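The values are calculated or read from the model by the stated rules, or taken from the named source; none is laboratory data. For clarity, every value in this text was computed on a predicted model and none was experimentally measured. Here the Cβ positions follow ideal geometry from the backbone for every residue, glycine too, while neighbour counts run over all protein chains shown.
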Amino acid sequence: MTRTDPLPPTRRDFLARTSRGLAALPFASLALGADRGALLRHHAPRARAVIFLYMDGGPSCQDLFDHKPRLIAENGKPFGLPKEPTQFRDEGNTLGPCATFQQHGSSGQWISDLLPHLATQADRLCVVRSMRADFSEHTNANYFLHTGHGLQGRPSLGAWVGHGLGCDTTQLPAFVVLNGGLVPPGGIDNFHSGFLPAHVQGSVFQMRGDAVANITPREADPARQRRKQTLVQALDALQVERGDDPALAAARSNHELAFRMQAAVPELVGLAGESPTLQQLYGLEDEYEPTRIFGRQCLLARRLVERGVRFVELTCPNTGHDRWDQHSNLRDGLRDNCRAVDRPIAALLADLAARGLLDETIVLWGGEFGRTPFSQGSSGRDHNPFGFTMWLAGGGFRAGHSHGATDDYGYKAVVDPVTIHDLHATILWQLGIDHERFTFRFGGRDLRLTDVYGTVQKSLLA
Amino acid sequence: MPWVAAALLSAAAGAQIPPAVADDEFTARQRSHWAWHALRDDAPPPGAPNPVDAFVHARLAAAGLSPSPPAPPHVALRRLWFDLVGLPPPPATVQQFLADPSDAAWHREVEALLASPQFGERQARHWLDLVRYAETLGHEFDFAIPNAWRYRDYVIRALNADVPYDQFVREHIAGDLLPTPRRDADGNDESVQATAAWWFAEQTHSPLDAARHEADRVDNQVDVLGKAVLGLTIACARCHDHKFDAIRAVDYFALFGFVKSSRYVQAPLHPLDVHGAPFTAALAAQRAFAAAVRDAADGPGWHRSDDDALDALPPPRAGDVVIASVDHPRSHWFHTNDGFGPAPWSGPFAPDAEAGAPQLFVLPGRFWNSAVAGPQREGTLATPTFRIEHRWLHVRAAGYRSRIKVVVDGFHLVRDPIYGRLHHDVDDSNAHWRTFDLEPWLGRTAFVQCIDQRAHDLADPRRERREYPAKAWLAVQSVVASPHHEPPPAAECLPLPPPGWQQPPDSVREAASALAAAWEALPVSATLPAMADGTGVDAHVHVRGDPHRHGAAAPRRFLQALGGGDELPAAAPGSGRLQLAEALLRRGEPLVARVLVNRAWHHLFGRGLVRSVDNLGALGDAPTHPELLDWLARDAIAHGWSQKHVLRRLVTSATYRQDSRTRADAADADPANLLLHRQNVRRLTAEAVRDALLGISGRLDATLYGLSIELPQATHIEARGQPHQNGPVDGNGRRSIYLAVRRNFLPPMLQAFDLPTPFATVGARNVSNVPAQVLALANDAFVHGECARWAKSLPPGDDDARLLAAYERAFARAPTADERAHCRALLADGGEHAWPDLLHALVVTTEFQYLR
């Protein structure tokens, strides 16, 4: 199905959301976001929203999820498998994990001690231990993870989802990026709409200063902006009398959306209604600033999903270790990055579940690639797209499930590998979209998020 | 691991060459699709005096429709100004035109705008979209493309000068190779500057696979050429024959060969003529200086430099392969800018000539030496392309602030990690062998590039620097591929300066002064990124797009479907791009002309006669008015490919000048206005929104050209490659086309209004309608600042007079009584901010952002 024109705007109150009511609703009625287009529906959806916890830099899965006794046993010895070329060409010996592992929950998921809070949520996770990507360089790999293509200019997953499904609120855009402070290599094009209509591009909310660019009126006295708005509306109305046009009508309603958004965002980011206990659970009181920032992002993610935003992506706060890109000093980098995200993510999962939102929200965790099981220099790991871990929770993914495996060293995915295109296809599937029929005509071709690849991984689904 | 074996098997099975498009299918595609056909030659239907109107009105009449009446004069005038120069008409023009909105006045206005310098600034931006113009390479660190901004100025100048479009295209493909390049009044080479457009492709920092990187880059380059100039999606044939068009994979790879045979250089705007009088005089002065030094110096070392035995290169060892040396004829090397002079130099030389203390060097034997061309000249010397068969490569060189690099598979961005070992910085006036370890790239193809100004290297990390140190030089003697780690033996360096040399004698000082004067007379030349020819090589088809799996050879030629079957002679030197340009313009003429006029139509009517302006192929849209499209194409050719003529044709038509209001009588017959029963309502482009604000506030600085302007960078984020400089909020009042185009850091306000990310040809921008636009207009500091400035610039007088002035500036008309009433209401209770607030409200209205 190819769509190029959004439906005309429709005013609509928030959808009353209940934990189970969603799939039963006629799906077309969900489309009535601001001017956000009709809902695309190939089959009954299992989920309505996505929260992507994007771990920029490539987290070291051998230290977090991929428990490999052989890696421990052969620590410091020459690496036992042939090595692919790496980016820095400074390969050392086998490097054992810098943390210990335990099994958690009734599912017995292996999670390292670096993530003690997440471990309490083990039974909610669907851990894919056999991810593969196509690129070893950050930027290409970031574009690939986000857009299914290694070069700049394609629409991001969130933009595709926003284009296909629209938004359930008239006050906020379909795709919101909660920026923790770091912009990943490749820049905001990781969140871009590419050739899709611009309104589906990720709207970046900052955690410091104004959450949204230009969201705060500059007039000290609110009455001044109101007076201006009144005049604008009056003058625009006079123009209509001189002959209207669909483009002008759309511009006027966009105008109204903008001012609704201006009114809604302060309430959204205010957090005033959230209980102190909950804020503490998310880590908003933590003594470590990155934990506070990421905790705020996670709490905002829930609030956005609650309000009907379709796709929320979180980028990481700066812990001073150049993201999850531990070419050296692996131990310290992991410790601090885990400290920043562990508590907030655990709280997000528990909170979503408690509110009945987890069933209809896909939570995705992961980076653009993993890291090598052999060392780079003495204390780091290089990039490794051949085998790494991502996990999903909620949204109809199998809870407490482990999928696939890497080899004995956690180097390459060897059992039931899952590609980035497979991941995209599966997420779209849960949202009710068949990735092979979800195309957009650009430059003479019907383009897909999954290019000509991707298989829905049904074994990941409950 | 059974899965791995299975995957390998399936990969092998899938690697067969995809089925080719058979000849009869190919011919059928060619015959059945209109775009491959010659231009039609239909006479304009009778009726309207203007041929454009005649074609349009005939179609309308056939549908039972009439055209709309002319738009009100103020609407038409505002439309014309934004379309031709991208700015609002000034009040004096408005008053004049509203007093006399005659046809003659309209024609006068059209001519004035076509002749104004702002014309090029507006029209150039359309072209920059097509060539994905950018000043950085994107990717992780967003490295600068040195001097890319000069290309933007080239385009503005070319459009203002109305350079014939075929010449403009020729310059883009092969401006570096024209027998008689176009020159400006100062003698600068204009033609070569167009070739910078090849180098706006995104480039990856440290790709693991340089061949794949090259394949991706060339894909982008061919894609842009195909879409921008021909309106064809040639790059779709990268992995297989085109699915729908008469374009085969072998066509794509035939074009690939032209790019693969060409190289990135920084080319001079003002080329040095090594045989011309100024350079001959400079060379003579250098010789006189050397002679003066010899005469003045007693040391025995000096005369040895004239020793023939020293000049002879040592014989190569077993296994050594001399890729290039001073013993090869000059034509064996690739010279850019002739910065290394007409012939190798031996004997004393001075890389700069300060008379008090001239720096003095002598090298052991003959060297290609950039110092003899003076310190201001930059030059590049490169070897032919060769296959890397030995692990070691030795280059004997001396120099200062210069660089030698090995360009493998066309990959110029040689930096750590991975590629750092492919370059040596040269900062030593003694000649040494520089040894490269090429072990990871055995079997790949490469050439050695010697750059006498390393700050201009594409791989230079200093992204902030815009101006470069002048004093750089490089001398190169020999490039040897070798199985031996040890470099070949070579003559010892001579001691410098000569023993006992403290203060140079008067004779040397005088010679140094003369040398400095001779250099002064040489044309100084800035540089910009450009194409240069390398060794001519044909590409092979990449099986399923895999650059490591070669299929059939694809000799360089133009598209088969356009009769480009004759291949270049195998022995043809260089890339053959000039032949490509001529073939494209001759055989592709119908497409080139249709694409040109269709783009003009798109910009003036909001939709092309062919809606898919970048794709006239089978998957593109059919023309709504095929006869008119071809008539315009023929008309453009007949008028010497003048772009101003094309625009003049269109804006003087009644079809362009008609009203845009929707009509109930046309709702059924022409609901999407495909027949043009009215003009389309259009939103201003991102640049026009910003420029209009500067225009109405009086802040607009009409300065043309120059270094790009930085805007303030977003705070609260930390991103790789983010510039450290911050600019003024109003960009010094310069037009938006002069704002820096950093791929990863585009100006947010312009992005909100659909400034495209420069990655591919964008002939038709998105026209979105998003809250970010309203929020920017309502709350951005820049907008507030300009409205405040505008309020101060309003003439003194009563409210009515000021309202009239404001309306004339913003909307090219007087306010109506109703509008006055609403505005007065705000003024009545607005207090001290009343006027800025009122003007701000005008800016936020739809009338400001839209052309009716």
Taking the conditions exactly as written (more than 16 Å from B:Val75 (Cβ to Cβ), touching a residue at least 12 places away in the same chain (Cβ under 8 Å), surrounded by 18 or more Cβ atoms within 10 Å (Cβ to Cβ) and within 10 Å of chain A (Cβ to nearest Cβ)), does B:Ala834 satisfy them or not? no
Of all residues in the range A:253-266, count the ones that are facing chain B (nearest Cβ under 8 Å), over 11 Å from A:Val212 (Cα atoms) and at pLDDT 85 or above. 3
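Return a yes/no flag: does the range B:771-784 have any residue that is more than 11 Å from chain A (Cβ to nearest Cβ), surrounded by fewer than 22 Cβ atoms within 10 Å (Cβ to Cβ) and within 25 Å of B:Leu87 (Cβ to Cβ). I'd like the intermediate steps shown before the answer.
Quick first cut of the range B:771-784, residues more than 11 Å from chain A (Cβ to nearest Cβ) only: none.
So far as the range B:771-784 goes, no, none of its residues is more than 11 Å from chain A (Cβ to nearest Cβ), surrounded by fewer than 22 Cβ atoms within 10 Å (Cβ to Cβ) and within 25 Å of B:Leu87 (Cβ to Cβ).
From the set of residues in the range A:151-202 that are hydroxyl-bearing (Ser, Thr, Tyr) and more than 27 Å from A:Phe369 (Cβ to Cβ), which is surrounded by the most Cβ atoms within 10 Å (Cβ to Cβ)? Steps first, please.
Here is the first cut: in the range A:151-202, the residues hydroxyl-bearing (Ser, Thr, Tyr) are A:156, A:169-170, A:193.
Imposing the further condition that a residue be more than 27 Å from A:Phe369 (Cβ to Cβ) reduces the set to A:169-170.
Values: A:Thr169: 25, A:Thr170: 23.
Checked the range A:151-202; the qualifying residue surrounded by the most Cβ atoms within 10 Å (Cβ to Cβ) is A:Thr169.
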Which one of A:Ala47, A:Ala119 is under 22 Å from A:Gly395 (Cα atoms), at pLDDT 50 or above and in contact with a Gly (Cβ under 6 Å, 6 or more places away or on another chain)? A:Ala47
Starting from residues that are within 14 Å of chain B (Cβ to nearest Cβ) and at pLDDT 95 or above, keep the ones in the range A:143-154 and report whichever is nearest to the chain's Cα centre (by Cα). A:His146
Residues satisfying the stated conditions in the range B:647-672, i.e. outside any helix (DSSP H, G or I) and without any contact (Cβ under 8 Å) to a residue 24 or more places away in the chain: B:Thr662, B:Ala667, B:Asp668, B:Pro671, B:Ala672
Between residues in the range B:209-226 that are within 16 Å of B:Ser261 (Cβ to Cβ) and residues that are aromatic (Phe, Trp, Tyr), which pairs lie under 8 Å by C-beta distance while being six or more apart or on different chains? B:Glu214/B:Phe411; B:Val218/B:Phe256; B:Gln221/B:Trp198; B:Val222/B:Tyr252; B:Val222/B:Phe256
Note on the range A:168-185: residues at the interface with chain B (Cβ under 7 Å from one of its Cβ atoms) and either in a strand (DSSP E or B) or more than 20 Å from A:Leu268 (Cα to Cα) (or both) are A:Asn179, A:Leu182, A:Val183, A:Pro185
Please verify whether B:Glu582 is farther than 23 Å from B:Thr27 by Cβ and more than 27 Å from the chain's Cα centre (by Cα), treating the condition exactly as stated. no
Collect the residues in the range B:132-164 that are over 12 Å from the mean Cα position of the chain (by Cα), at pLDDT 95 or above and surrounded by fewer than 24 Cβ atoms within 10 Å (Cβ to Cβ), keeping them in residue-number order. B:Arg157, B:Leu159, B:Asn160, B:Ala161, B:Asp162, B:Val163, B:Pro164
The range A:221-247, residues that are farther than 18 Å from B:Glu819 by Cα and under 36 Å from the mean Cα position of the chain (by Cα): A:Pro222, A:Gln225, A:Pro246, A:Ala247
Meets criteria (in contact with a Gly (Cβ under 9 Å, 6 or more places away or on another chain) and away from chain A (no Cβ under 14 Å)) for B:Arg152: no
Do we find a residue being under 17 Å from B:Thr445 (Cβ atoms) and among the polar types (S, T, N, Q) anywhere in the range B:501-509? no
In the range B:592-617, the residues that are within 14 Å of chain A (Cβ to nearest Cβ), part of a helix (DSSP H, G or I) and crowded, with 22+ Cβ neighbours inside 10 Å: B:Val595
Scanning the range B:793-819 residue by residue, the ones that are surrounded by fewer than 18 Cβ atoms within 10 Å (Cβ to Cβ), within 48 Å of the chain's Cα centre (by Cα) and within 11 Å of chain A (Cβ to nearest Cβ) total 1
Candidate set from the range B:165-187 (those that are more than 21 Å from B:Ser262 (Cα to Cα) and small (Gly, Ala, Ser)); member that is modelled with the lowest pLDDT: B:Gly187
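Does B:Asn732 meet the test of being surrounded by fewer than 22 Cβ atoms within 10 Å (Cβ to Cβ), more than 10 Å from every other protein chain (Cβ to nearest Cβ), among the polar types (S, T, N, Q) and farther than 27 Å from A:Arg226 by Cβ?
Numbers: surrounded by fewer than 22 Cβ atoms within 10 Å (Cβ to Cβ): yes; more than 10 Å from every other protein chain (Cβ to nearest Cβ): yes; among the polar types (S, T, N, Q): yes; farther than 27 Å from A:Arg226 by Cβ: yes.
Here the answer is yes, as B:Asn732 does meet what is asked.
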Where in the range A:340-427 are there strands (runs of 3 or more DSSP E), lying wholly inside it, with at least 1 residues that are over 21 Å from A:His104 (Cβ atoms), modelled with pLDDT under 95 and among the hydroxyl-bearing types (Ser, Thr, Tyr)? A:370-376
Restricting the range B:163-214 to residues that are hydroxyl-bearing (Ser, Thr, Tyr) and over 30 Å from A:Gly186 (Cβ atoms), which is nearest to the other protein chains (Cβ to nearest Cβ)? B:Tyr165
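Which ones in the range B:80-96 are closer than 20 Å to B:Leu804 by Cα and buried (at least 22 other Cβ atoms within 10 Å of the Cβ)?
First, pick out the residues of the range B:80-96 that are closer than 20 Å to B:Leu804 by Cα: B:81, B:87-96.
The answer is B:Trp81, B:Leu87, B:Pro88, B:Pro89, B:Val94.
I'm trying to understand the selection: among the residues of the range B:740-757, which are within 16 Å of B:Ser708 (Cα to Cα) and either at the interface with chain A (Cβ under 9 Å from one of its Cβ atoms) or crowded, with 22+ Cβ neighbours inside 10 Å (or both)?
Keep residues of the range B:740-757 that are within 16 Å of B:Ser708 (Cα to Cα), which gives B:740-747, B:750.
Within the range B:740-757, B:Ala740, B:Val741, B:Arg742, B:Arg743, B:Asn744, B:Phe745, B:Leu746, B:Pro747 meet the criteria.
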Of the criteria (1) under 30 Å from B:Phe605 (Cα atoms); (2) hydrophobic (A, V, I, L, M, F, W, C); (3) within 8 Å of another protein chain (Cβ to nearest Cβ), which one B:Val762 fails: (3)
Considering only residues of the range B:378-399 that are of a type in the set (A, V, I, L, M) and out of contact with any Phe, Trp or Tyr (no Cβ under 6 Å at 6 or more places or on another chain), which is farthest from B:Ser261 (Cα to Cα)? B:Ala398
Test of understanding: among A:Gly158, A:Gly162, A:Gly209, A:Gly194, which residue is facing chain B (nearest Cβ under 10 Å), closer than 20 Å to A:Thr450 by Cα and either touching a residue at least 24 places away in the same chain (Cβ under 8 Å) or assigned to a loop (DSSP other than H, G, I, E, B) (or both)? A:Gly194
Being in a helix (DSSP H, G or I), within 9 Å of chain A (Cβ to nearest Cβ) and farther than 30 Å from B:Glu140 by Cβ: is that true of B:Leu826 here? yes
Members of the range B:223-244 found to be at pLDDT 90 or above, at negative phi and not aliphatic (A, V, I, L, M), listed by number: B:Asp223, B:Gly226, B:Lys227, B:Thr233
At least 2 residues that are surrounded by fewer than 17 Cβ atoms within 10 Å (Cβ to Cβ) and not acidic (Asp, Glu) in each: list the strands (runs of 3 or more DSSP E) lying fully within the range A:56-138 that qualify. A:101-104
